[in-house]
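What follows is a single structure, written as structure tokens, with notes after it.
The values are calculated or read from the model by the stated rules, or taken from the named source; none is laboratory data. Since the structure is predicted, the reported quantities are computational estimates derived from the model, not experimental observations. When we count neighbours, we look across all protein chains shown, and the Cβ atoms used for this are built from the backbone with ideal geometry, even at glycine. Calculation scope for accessible area: heavy atoms of the full protein, side chains included, ligands and nucleic acids excluded. Shrake-Rupley method; radii C 1.70, N 1.55, O 1.52, S 1.80 Å.
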Amino acid sequence: MAESHGNAKGTTAHTEADGGHKAPFPPFQKDTFASQLVSLLVAFVALYLIVSRIALPRVGSLLDERQNKIEGDLAAAQKLKDDSDAALKAYENELASARSRAQAIGAETREKLNAASEAERKTLEEQLSVKLAEAEKTIAATRQAAMSNVRSIASDAAIAIVQRLTGVAPDRRSVNKAVDASLKG
């Protein structure tokens, strides 16, 4: 079967071999096998040269760049980690220093307050001892006055009792001696 491809002369392309059999696949034909091997070898060498001279160096440089970037990023991350560790250590040192200063200030304030309270306590004790001494003087004076009144009341009572019992008023001097003797014990 012949087909016309719009050619005016009527050229036809053959797709079937004589006798109705199809021709073998062109790469498997024996008469073109050697030339195909040479063509394949030339294509392989050309492809090898293109890949080894152009593509592989580019891929290698990309891999090197990527490895260098990864190493740089790791180094930067390690530097940042070291910086953060140093900052944390400085923070902890500063915090410990602040705590010790706060404790020192607290102890100093406590000592000042204790000293002030001790001074105030001593002042109050002195004031109370002065008031106590004054109160004791007042009590002693009141007791002395009361005791002198007791003596006179006891003398008057003794005179009144003796006069009522005997009907005769006793001598004031003898009654005073008897009251003094009984008060002394």
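Here is how the numbers come out for the structure above:
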quantity	calculated
Yes/no for Gly6 being at positive phi, modelled with pLDDT under 75 and outside any helix (DSSP H, G or I)	yes
Qualifying residue in region 154-167 (condition: touching a Lys or Arg at 6+ places or on another chain (Cβ under 8 Å) and modelled with pLDDT of 85 or more)	yes
Residues satisfying the stated conditions in region 129-169, i.e. under 21 Å from Asp180 (Cβ atoms) and of a type in the set (D, E, K, R)	Arg143, Arg151, Asp156
Lone qualifier among Val42, Val59 - being of a type in the set (Val, Ile, Thr), within 30 Å of Phe28 (Cα to Cα) and open to solvent by 60 Å² or more (accessible area, probe 1.4 Å)	Val42
Count - residues of region 168-185 that are at pLDDT 80 or above and assigned to a helix (DSSP H, G or I)	11
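Table: residues versus (1) among the aliphatic types (A, V, I, L, M); (2) open to solvent by less than 80 Å² (accessible area, probe 1.4 Å); (3) more than 60 Å from the chain's Cα centre (by Cα).
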site: Lys131; (1), (2), (3): no, no, no
site: Lys137; (1), (2), (3): no, no, yes
site: Ala140; (1), (2), (3): yes, yes, yes
site: Ala154; (1), (2), (3): yes, yes, yes
site: Ile161; (1), (2), (3): yes, no, yes
site: Ser174; (1), (2), (3): no, yes, yes
site: Lys177; (1), (2), (3): no, no, yes
